[in-house]
Amino acid sequence: MTTLFRLLILAICFIVGAAIASSSIVRAAETRPNLIVINIDDMGYADIAPFGSKLNRTPNLDRMAAEGRKLTCFYAAPVCSPSRSALMTGCYPKRVLPIPGVLFPAYATGLSPHEITIAELLKKRGYATACIGKWHLGDQPEFLPTRQGFDYYFGLPYSNDMGPAEDGVKSSLGAPIPKRRRKGKAQPPLPMMRNETVLQRVLPGDQIRLVELYTKEAVQFIRAHREGPFFVYLPHSAVHFPIYPGKAFQGRSPHGYYSDWVEEVDWSVGQVLDTVRALKLAHNTFVLFTSDNGGTKRAVNAPLRGFKGSTWEGGMREPTIAWWPGKIPAGTETGMVTGMIDVLPTLAKLAGAALPRDRKLDGADIWPILAGVPDAKPVHEVFYYFRGLRLEAVRSGDWKLRLAGKQLYNLADDIGESTSVAAAHPEVVQRLRQLASAMDKDLGVNGLGPGVRPLGRVDDPQPLIDWDGKIRPGFEATPAKK
């Protein structure tokens, strides 16, 4: 056998081996679908056309619903931080983030680094992970997305209204901006971040670009990781006050800037889904669209009662759409109880990631419900409505009991919670009160029960940008080399 012949045989073996290895990698990636969660801030239940909007034009979400499945009874929490903690951990917010309301800049507390997030579970399965947008689970170094399982972060560490009024964060587009005030107890400047670098102080011109910036970052990440698998968590700052639609959308809607911003969010969803389609990834990509809590009074929550901050249906039931062509039945919907607490178990199941066994989770794998399996069973025989540390309502089947006042509603007959039927169904009231008592032995009806886990906590918390505009040491951008 000549030397040339030997080299030829070796080359052929190398090429065949590489091809086999490449094929194996592709097959392995396809068993781990790409995962995208788009989370809107403060969107009302009927702010988009698939859920009844007559004001806002949302053609991309219309298409997403036509190609996917609406979840008409998907629950979050009454406000931002708790809802996001549920999504990240698969637990009722009170279990993992026991706070009365939301987190603020330079707080000593946040989601504990000891909690296991969905990003951390997916990283163990080889996923590239990105959080692009509003985090709001703590702004101290120990609590940032890059310390909670995300390879990449771009966005705001908390709400777009948390900063000094003179920076325009307390004034919507077109409203007067107050003059500079003394520091006092004012909130520090709002930082735009990339990973653990503060890029700049956010001003009105930056607020206007938020949806566009987040969308471009998400599309770039998807393109860069098209070989998969990837997990993109896209929590928009829109449509939270202050209202700042992008220039291309200002005045497009006859119903004002809020509607403009809803329509820009729809554009963003279209950009993400069109990218997935263009890269021919739709057959292997699951996308979930939802909101973090009910809409404010500028939104439309009809036919639900109540708004953000409440445990009425309008405060916690979210407009949610699941999309995966060929896997999720097109043009369908389900009224089974699902929620933020189910995101981690479901995505983990799709990715083949093992759930942690050393802690309690409250969520469940809802894939059979999403996939429209004919005999799919409800995963939540009981659902608990917490507002901060207080349990305010309990749901079992179609029955919902508000504990303070013993108001009972049948949500199948009275989705708007307009007429209490407690007097006609004392046995249902009693059964739901017993379910509430059972929760008192776990998370507590009011105060901290034995099932509540510790908050993350740091000593001497500092703002990422101080009141004089100085960036915290260690978070400055590296100077460009000359």
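Descriptive notes on the structure:
- Any hit, the range 399-416, residues being at pLDDT 95 or above, acidic (Asp, Glu) and within 30 Å of Ala186 (Cβ to Cβ): no
- Scanning the range 98-115 for residues that are out of contact with any Cys (no Cβ under 9 Å at 6 or more places or on another chain) and either buried (at least 24 other Cβ atoms within 10 Å of the Cβ) or under 21 Å from Leu234 (Cβ atoms) (or both) yields a count of 2.
- Scanning the range 429-446 for residues that are in contact with a helix residue (DSSP H, G or I) (Cβ under 8 Å, 6 or more places away or on another chain) and assigned to a helix (DSSP H, G or I) yields one hit, Val429.
- Among the candidates Leu389, Leu370, Leu344, Leu350, residue that is surrounded by 15 or more Cβ atoms within 10 Å (Cβ to Cβ) and over 30 Å from Val265 (Cα atoms): Leu389
- Among the candidates Val394, Val379, Val373, residue that is touching a Leu at 6+ places or on another chain (Cβ under 6 Å) and either at pLDDT 95 or above or within 21 Å of Leu435 (Cβ to Cβ) (or both): Val394
- Asp266 touching a Cys at 6+ places or on another chain (Cβ under 9 Å) and in contact (Cβ under 8 Å) with a residue 24 or more places away in the chain: no
- Among residues of the range 186-209 that are part of a strand (DSSP E or B) and at pLDDT 95 or above, those with a Cβ under 7 angstrom from a residue that is small (Gly, Ala, Ser) and exposed (fewer than 15 other Cβ atoms within 10 Å of the Cβ), sequence gap 6+ or separate chain, pair up as Thr197/Ala477; Leu199/Ala477; Arg201/Gly469.
- Only one entry of Ala130, Ala119 meets the criterion of being in contact with a Phe, Trp or Tyr (Cβ under 6 Å, 6 or more places away or on another chain) and surrounded by fewer than 24 Cβ atoms within 10 Å (Cβ to Cβ), and that entry is Ala119.
- Some residue of the range 401-424 being surrounded by 18 or more Cβ atoms within 10 Å (Cβ to Cβ) and either basic (Lys, Arg) or more than 30 Å from Thr334 (Cβ to Cβ) (or both): yes
- Pair list, Cβ < 6 Å and 6+ apart or interchain, from the range 342-355 residues that are free of Cβ contacts under 8 Å to residues at least 24 places away in the same chain to residues that are assigned to a helix (DSSP H, G or I): Lys349/Trp367
- Top-ranked residue of the range 270-290 - restricted to ones that are touching a residue at least 12 places away in the same chain (Cβ under 8 Å) and in a loop (DSSP other than H, G, I, E, B), ranked as surrounded by the most Cβ atoms within 10 Å (Cβ to Cβ): Leu281
- Tally, over the range 95-120, of residues that are part of a helix (DSSP H, G or I) and within 13 Å of Val452 (Cβ to Cβ): 2
- Residue match in the range 292-301 (condition: among the small types (Gly, Ala, Ser), in a loop (DSSP other than H, G, I, E, B) and out of contact with any Gly (no Cβ under 6 Å at 6 or more places or on another chain)): no
- Restricting the range 25-76 to residues that are acidic (Asp, Glu), assigned to a helix (DSSP H, G or I) and at pLDDT 95 or above, the residue that is surrounded by the fewest Cβ atoms within 10 Å (Cβ to Cβ): Asp62
- Of everything in the range 137-149 that is free of Cβ contacts under 8 Å to residues at least 60 places away in the same chain and not in a helix (DSSP H, G or I), the residue that is surrounded by the most Cβ atoms within 10 Å (Cβ to Cβ) is Leu137.
- Scanning the range 450-459 for residues that are in contact (Cβ under 8 Å) with a residue 12 or more places away in the chain and either under 25 Å from Leu361 (Cβ atoms) or loosely packed, with under 11 Cβ neighbours inside 10 Å (or both) turns up Gly451, Val452, Arg453, Pro454, Leu455, Gly456, Arg457, Asp459.
- Tabulated pairs, the range 55-66, first of a type in the set (Val, Ile, Thr), second part of a helix (DSSP H, G or I) and at pLDDT 95 or above, C-beta under 8 angstrom, 6+ apart or interchain: Thr58/Ala49; Thr58/Pro50; Thr58/Val262; Thr58/Glu263; Thr58/Asp266
- Among the strands (runs of 3 or more DSSP E) confined to the range 307-423, the ones with at least 1 residues that are touching a His at 6+ places or on another chain (Cβ under 9 Å) and among the hydrophobic types (A, V, I, L, M, F, W, C) are located at 399-402, 407-410.
- All of Tyr158, Tyr214, Tyr152 fail the test of being of a type outside the set (A, V, I, L, M, F, W, C), crowded, with 21+ Cβ neighbours inside 10 Å and in contact with a helix residue (DSSP H, G or I) (Cβ under 8 Å, 6 or more places away or on another chain), apart from Tyr214.
Yes/no per residue for (1) crowded, with 24+ Cβ neighbours inside 10 Å; (2) under 22 Å from Arg32 (Cα atoms):
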site	(1), (2)
Gly246	no, no
Asp292	yes, no
Gly295	yes, no
Pro303	no, no
Ile321	yes, yes
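The values are calculated or read from the model by the stated rules, or taken from the named source; none is laboratory data. Not measured: the values here are computed from a predicted model. So basically every Cβ, Gly included, is an ideal-geometry build from the backbone, and we count neighbours across all protein chains shown.
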